[in-house]
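Asker: Okay, handing you the structure first.
The values are calculated or read from the model by the stated rules, or taken from the named source; none is laboratory data. Not measured: the values here are computed from a predicted model. Using ideal geometry, Cβ is built from the backbone for each residue, glycine included, and neighbour counts are taken over all protein chains shown. The protein model used for the area step is the full one, side chains on, heavy atoms only, and it has no ligands, DNA or RNA in it. Shrake-Rupley method; radii C 1.70, N 1.55, O 1.52, S 1.80 Å.
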Amino acid sequence: MDPLLTLSHISYSYHDLNGETTALSDISFSLEEGRFLAIVGPSGCGKSTLLSLICGLLEPSEGEIALNGLPLKQASANIGYMLQKDHLFEWRTIYSNVTLGLEIQHRLNEHTRKNVDDMLETYGLSSFRDSRPSQLSGGMRQRAALIRTLALEPDLLLLDEPFSALDYQTRLSVCDDIFGIIKKEQKTAILVTHDLSEAISMADEVLVLSRRPGRVQKKQPIHFEMEERTPLRCRNAPEFKDYFNLIWKELNSNV
Amino acid sequence: MSEISLAQQSFLEEKKRQRNWVRAARILLFLLFLVLWEGAARTHLIDAFIFSSPSRVYNTFVGMLLDKSIFLHVGSTLMETLVSFLLVILLSLLAAVLLWLCPLLSKVLDPYLVILNSLPKSALAPLLIVWLGANQKTIVVAGMSVAIFGSILTIYTGFSQVDTEKIKLIYTLGGTRRDVLGKVVLPSSVPILLNTMKVNIGLCLVGVVIGEFIGSRQGLGYLIIYGSQVFKLDWVIMSIVLLCIMALVLYSLLQVLERRCQRHV
Ligand SMILES: Nc1ncnc2c1ncn2[C@@H]1O[C@H](COP(=O)(O)OP(=O)(O)O)[C@@H](O)[C@H]1O
Ligand SMILES: [Mg+2]
């Protein structure tokens, strides 16, 4: 069976009046269903660009992206993209924020509404249904943003530094939170981050990108010997430090 | 509610006292002005024929109230101002949407809008009278001409300053440019729109009065010009006072609207 997502020899350049910026160069990897991939790299190496390419907002300058073996344009698979900030709209209630995607795609019906209601209930937001985003804590807002993405029932979930706007402590717990939700909903996910610990603690595989133009510098499978994996427990596991040192060396090898 | 500390209590009381004092001072200043004006006129310090006086203004007003001519003048100025205001809001919103939808068009038109906006708009009024004739339509157009270009520019600038990440969000949710307009750009421009409205109501009033100066047989602007020509300065000053009150009322109404909207944003 084809992997869910395949990128082959992807390059991308931005053009503006000041010249050409090659953001990504010759990126290839594939991702099996149900896996969690983390992409790390220094700021400005093209991580966000890569996610925009995968979800079809940008067209690669070179190379092919395939979903379930079909070119991105023909593939029927749904891709959910969670941006760095939650961008919940203050002029909408939490409920109408999380149903925004369904509203746009004209998919608001009994089934999808029930799905949203269930998620709000499960993830502790049902009492905030009619609240405004400003009444929620940073962690709750991030959860609401994730539910907004999940409401569209995506086959692949893209997360662009979803915790970077939070302070360190909230970040650890929200990280556990979001990881739990993704596992529970059995989603395939790509997490982009510049935080190596975050990547190792959440992912089944870490892809290291080099400085701009981003290239794949290393692919590191991650495996933790534990029953119920959570990011926080992983951070305390003995393997964690080994993985960290291994990838850290790689990140700094050609600076 | 939790207990308010003594220090906070005295702070609040101090603030309240200050606020009351300011309010009282404002009213006193106004009364003092009226008394001085009236007194100066009665003691012939100033010529009441030229400078009028509060009582003369009041009597003129009552007189015009009794022969009902005041309703014609206030009514037509108010009507013209409201119509031109509504048209300005509607048209500038439409134009801003159009410019936002066609970035190339906005690039082409940008210098023209800037020039038209920086033009002293009263210069257009005589031209409008010649072109369109001396009627109420022209007055409305004169009112619009003062406000519309600035209004388009402000609203369009507001549109283009919307957070690009918010726009990206709509695209990631599978939206089109129309969704971007309807779900992000318009709702997030509501505060700017309300602000523009507050500016425009005053500008429209200015434009309408200018229009009435040169092309009308009714309205407060006409009354001012006619009054000054026949040396009925009581009319002139009463009209100015009425214009002040009208501007104040219209502005306050918009402020109420703004506060309503803020509660929902
Ligand atoms: N719209 C754009 N036009 C020109 N250059 C851009 C644009 N967006 C991003 N870039 C450049 O491309 C590079 C990669 O950007 P990005 O993908 O946002 O990096 P990252 O998410 O890894 O921080 C950066 O150096 C940035 O300056
Ligand atoms: Mg980024």
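Asker: Each residue of the range B:106-121 in order: what ³J(HN,Hα) in whole Hz does its phi give by Karplus 6.51 cos²θ - 1.76 cosθ + 1.60, θ = phi - 60°, with x for Gly and Pro?
Answerer: Along the range B:106-121, the couplings run 5, 5, 5, 7, 3, x, 5, 4, 5, 5, 4, 6, 8, 4, x, 5 Hz.
Asker: Can you pull the semi-axes for chain B, root of five times each eigenvalue of the Cα gyration tensor, sorted largest first, whole Å? Don't jump to the answer; show the numbers that get you there.
Answerer: Numbers: eigenvalues 336, 202, 38 Å².
Ellipsoid semi-axes (Å, largest first): 41, 32, 14.
Asker: To the nearest 10 square angstrom, how much accessible area does A:Arg92 have with a 1.4 angstrom probe?
Answerer: 30 Å²
Asker: I would also like to ask the following. Based on the alpha-carbon set only, what is the convex hull volume of the range B:12-99 divided per residue, in Å³?
Answerer: 207 Å³
Asker: Please arrange B:Trp21, B:Trp100 by accessible surface area, largest first, computed with a 1.4 Å probe and ligands excluded. Intermediate values should be presented prior to the final figure.
Answerer: On the way: B:Trp21 180, B:Trp100 25 Å².
My answer, sorted largest first, is B:Trp21, B:Trp100.
Asker: Let me ask something additional. Translational D (Stokes-Einstein, µm²/s) of the protein assembly as shown at 20 °C and 1.002 mPa s when Rh comes from the Kirkwood sum over C-alpha pairs?
Answerer: On the way: Rh = 28.5 Å.
D = 75 µm²/s.
Asker: I would also like to ask the following. For all pairs of alpha-carbon atoms in the range A:70-139, what percent lies in each bin of width 10 Å, listed from the first bin to the last filled one?
Answerer: Percent of pairs per bin, in order: 17, 45, 28, 8, 1.
Asker: I've got another one for you. Apply the Karplus curve 6.51 cos²θ - 1.76 cosθ + 1.60, θ = phi - 60°, to the phi angles in the range A:214-230 and return the couplings in whole Hz, x for Gly and Pro.
Answerer: For the range A:214-230, the Karplus curve yields x, 10, 6, 9, 7, 10, 10, x, 10, 9, 10, 7, 7, 5, 10, 6, 9 Hz.
Asker: Right, something else. Search the structure for amide H atoms under 5 Å from the amide H of A:Gly214, placed 1.01 Å from N in the peptide plane, and list their residues when 5 or more places away or on another chain.
Answerer: Here A:Leu24, A:Ser25 satisfy the definition.
Asker: Another question, if that's okay. More than 22 Å apart: what percent of Cα pairs in chain A qualify? Mind dumping the intermediate values first?
Answerer: Numbers: 18161 of 32385 pairs.
The share of Cα pairs beyond 22 Å in chain A comes to 56 percent.
Asker: Averaging over all projection directions, find the projected area of the Cα convex hull of the range B:1-46 and quote it in nm² with one decimal place.
Answerer: Details: hull surface 16.5 nm².
It is 4.1 nm².
Asker: Most fluctuating residue of A:Thr170, A:Thr21, A:Thr193 in a GNM of chain A with Cα springs under 10 Å: which is it?
Answerer: Of A:Thr170, A:Thr21, A:Thr193, the most mobile in the Gaussian network model is A:Thr21.
Asker: Summarise the partner chain shielding of A:99-105 as one whole number: the mean count of Cβ atoms from other chains within 10 Å of each residue's Cβ. Don't skip to the end; give the middle numbers.
Answerer: Numbers: counts 0, 7, 6, 2, 4, 11, 4.
Mean partner-chain Cβ count within 10 Å for A:99-105: 5.
Asker: Could you run the Karplus curve 6.51 cos²θ - 1.76 cosθ + 1.60 with θ = phi - 60° over the range A:167-174 and give me ³J(HN,Hα) per residue in whole Hz, x for Gly and Pro?
Answerer: For the range A:167-174, the Karplus-derived couplings read 6, 4, 5, 4, 4, 4, 6, 5 Hz, x marking Gly and Pro.
Asker: Follow-up. Which translational diffusion coefficient, to the nearest whole µm²/s, is obtained for the range B:1-155 from the Stokes-Einstein equation, given a Kirkwood hydrodynamic radius over C-alpha pairs, 20 °C and 1.002 mPa s?
Answerer: Values: Rh = 21.1 Å.
Once the numbers are plugged in, D ends up at 101 µm²/s.
Asker: Additional query: Of A:Ser28, B:Ser106, which has the most accessible area and how do the rest follow, probe 1.4 Å? Write down the numbers at each step before the final one.
Answerer: Numbers: A:Ser28 35, B:Ser106 15 Å².
Ranked from most to least accessible, the order is A:Ser28, B:Ser106.
Asker: Cut-off 10 angstrom, C-alpha nodes, Gaussian network model of chain B. Which of B:Ser252, B:Ser84, B:Ser239 fluctuates the most?
Answerer: Taking springs between Cα atoms under 10 Å, the residue moving most is B:Ser252.
Asker: In addition: Sorted by accessible area with a 1.4 angstrom probe, largest first, how do A:His111, A:His15 fall? Walk me through the numbers before you get to the answer.
Answerer: Numbers: A:His111 115, A:His15 135 Å².
My answer, sorted largest first, is A:His15, A:His111.
Asker: With r as the distance between the Cβ atoms of A:Thr21 and A:Trp91 and R0 = 41 Å, compute the FRET efficiency 1/(1 + (r/R0)^6) and round to 0.05. It would help to have the intermediate numbers written out before the result.
Answerer: On the way: r = 35 Å, r/R0 = 0.86.
Calculated value: 0.70.
Asker: Let me ask something else. How big is the gap, in Å, between the Cα center of the range B:61-92 and the Cα center of the range A:160-189?
Answerer: Taking the Cα centre of each part, the range B:61-92 and the range A:160-189 sit 60 Å apart.
Asker: Here's a follow-up. So how exposed is B:Val199, as accessible area in Å² (1.4 Å probe, rounded to 10)?
Answerer: 90 Å²
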